[in-house]
Amino acid sequence: MAEHGSSACSHPSERKYKIALCQLFVSKNKLENIRHARELLEAAADGGAKLILLPEMWNCPYSNELFSLFAEEIDADDLSGSPSCGMLAEVSRSRKVTLVGGSIPERFGSHLYSTCCVFGSNGKLRARHRKVHLFDVDIPGQLTFKESATLTAGDELTIVDTDVGLLGIGICHDIRFPELAILCAERGADVICYLAAFEMNTGPLFWEVLQKARALDNQLYVATCSPARDLTINHAAWGHSTVVGPFGEILATTGHEEAVVFADIDYAYIREVRLRLQLEKQKRKDMYQLVCVSNCIRHI
Ligand SMILES: O=C(O)CCC(=O)C(=O)O
């Protein structure tokens, strides 16, 4: 695994392609979740998508009690310990698509992480992002959740070079922290993919505004993918998987049911927006700068 600094690989700025977000139901049966995810991924590929996203915790209901039971070990050289990643590798290879494989509970030694695996269009594992900001919240009478009771936080920023360009990766609560998005943008990301499961209290208030803010701040595409809503579980998802463009505009979205959401990505449009509004040039780097103290790009 090589670590790179801030020099992102170059890529054609005129690149255009279709992205798809698979908003799916998650059941208590892992094998059924894997089968169902494959079905939606294949439908997305059949629809012409070259980059396809799954949501946070797509193989496991979102519950501290279940993360450990559903967890898998992810060995980049031998995915046999991870049926979920094995399926992602197969689909990305057979359909020649880049997959941002949502997140699953990952077991690593005595730790559990919420981990997103990114597969290149040759079926190879390209990167692994472990959720950096864990969701610990206490709003009396509304919402109490402590992800850190079971999960360990990752400590690396992930920007991955793929056939469809440089992708920044964040998981759910990571979207609230503009620093992560700014660092991805500074290192050349064109799209930031957030795999998420915002729930019914915070979703209506913050979900859309956070996506628009991250896209606008950085003048790039933001793509989010949520599970479909299941009101029988505690952490029912808000849904509304969305693609936001570099001008903060919603390009495609959906409600809370299952859906495959498609949108067109055009990197030339990012350059156009940045020419119209030259935020990067106007930044007062003589007054402020953001320093990244962790590893920045992981290639596997
Ligand atoms: O930040 C929020 O409001 C929701 C975050 C969340 O649900 C999560 O990180 O799983």
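The values are calculated or read from the model by the stated rules, or taken from the named source; none is laboratory data. These figures come from a predicted structure and were not determined experimentally. Here the Cβ positions follow ideal geometry from the backbone for every residue, glycine too, while neighbour counts run over all protein chains shown. Only protein heavy atoms, including side chains, enter the accessible area calculation; ligands, DNA and RNA are left aside. Shrake-Rupley method; radii C 1.70, N 1.55, O 1.52, S 1.80 Å.
Within the stretch 238-249, is there a residue that is free of Cβ contacts under 8 Å to residues at least 60 places away in the same chain, open to solvent by 40 Å² or more (accessible area, probe 1.4 Å) and within 18 Å of residue 181 (Cα to Cα)? Taking every residue of the stretch 238-249 in turn, at least one turns out to be free of Cβ contacts under 8 Å to residues at least 60 places away in the same chain, open to solvent by 40 Å² or more (accessible area, probe 1.4 Å) and within 18 Å of residue 181 (Cα to Cα).
Among the conditions (1) more than 16 Å from residue 215 (Cα to Cα); (2) more than 15 Å from the chain's Cα centre (by Cα); (3) away from the ligand (no atom under 11 Å from the Cβ), the only one that residue 183 does not satisfy is (1).
Against the definition (open to solvent by less than 10 Å² (accessible area, probe 1.4 Å), modelled with pLDDT of 95 or more and within 16 Å of the ligand (Cβ to nearest atom)), how does residue 153 come out, yes or no? Answer is no for this residue. Looking across the stretch 120-141 at every residue that is in contact with a Lys or Arg (Cβ under 7 Å, 6 or more places away or on another chain) and assigned to a strand (DSSP E or B), the one that is most open to solvent (accessible area, probe 1.4 Å) is identified as 136. Apart from one condition, residue 244 fits all of (1) over 21 Å from residue 101 (Cα atoms); (2) away from the ligand (no atom under 13 Å from the Cβ); the exception is (1). Against the list (1) without any contact (Cβ under 8 Å) to a residue 60 or more places away in the chain; (2) out of contact with any Ser or Thr (no Cβ under 7 Å at 6 or more places or on another chain); (3) crowded, with 20+ Cβ neighbours inside 10 Å, the condition residue 194 fails is (2). Across the stretch 203-228, the qualifying residues are those that are without any contact (Cβ under 8 Å) to a residue 60 or more places away in the chain and within 10 Å of the ligand (Cβ to nearest atom), and the one among them that is surrounded by the fewest Cβ atoms within 10 Å (Cβ to Cβ) is 205.
A count restricted to the stretch 187-204 and to residues that are among the polar types (S, T, N, Q) and on the phi > 0 side of the Ramachandran plot stands at 0.
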